[in-house]
Amino acid sequence: MTARVLEILNLFLQRSVEGPFDMEDREEFVETLVAQGHHPDEVYAALNIVDNIQQRMDAPILGVSKKSSNRLFMLLEQYHLSPELRGHLDELTRLGVITPVQREEIVERSFLMEPEEITVEHIEYLVEDMISEEPNEIGYFDETISEYYH
């Protein structure tokens with residue numbers, strides 16, 4: 001790729017950042033660049049690169065699904081909950097037994113216990129407790145560890 005094509009590509013990208021860039025604007029911009037002395041082949045090569053970039057940005061990412069994405073655990077959560085417990089909570093969330101928000105509340109409640117004490121049974125008890133509460137009332141606040149950080 002020549003330096004001139006890169007220069008034209010840079011001009012196209014700068015122009016596209018300024019605002020919407022419809023077909024009429026593109027044609028006018030191409031004519032302006034050719035009138036300024038840029039070779040039409042170089043202008044259209046840069047335009048093809050811009051189109052390829054736009055197509056890649058608009059295309060869906062293959063193999064990625066929002067429902068099957070993995071969580072990133074914060075360091076405290078990794079220390080406090082064993083992989084078995086984290087996996088159990090992820091499975092309950094994936095199956096729709098608990099929501100992601102409820103999952104976070106259960107994790108926060110587990111921080112109040114010693115890491116050695118927490119078992120799958122404890123987590124299931126917290127899940128049952130969480131599900132049985134289901135207040136859904138305006139103004140209801142659940143006491144969790146996050147309140148101590150705010």
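The values are calculated or read from the model by the stated rules, or taken from the named source; none is laboratory data. Quick caveat, the model's predicted, so the values are computed rather than measured. We place every Cβ from the backbone using ideal geometry, glycine too, and count neighbours over all the protein chains shown.
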**OP:** Return the residue satisfying two criteria in turn: it lies in the range 30-46 and is surrounded by 18 or more Cβ atoms within 10 Å (Cβ to Cβ) and not charged (D, E, K, R), and of such residues it is nearest to the chain's Cα centre (by Cα).
**Re:** Ala46
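Of all helices (runs of 4 or more DSSP H) completely enclosed by the range 12-121, which ones contain at least 3 residues that are at pLDDT 80 or above? Quick ask: steps written out before the conclusion?
Working: elements: 23-35, 40-58, 75-80, 83-95, 100-110.
Where helices (runs of 4 or more DSSP H) fall fully within the range 12-121 and carry at least 3 residues being at pLDDT 80 or above, they are 23-35, 40-58, 83-95, 100-110.
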Original post:
Which residues, taken from the range 1-21, are over 14 Å from Gln36 (Cβ atoms) and in contact with a helix residue (DSSP H, G or I) (Cβ under 6 Å, 6 or more places away or on another chain)?
Top reply: Val5, Leu9
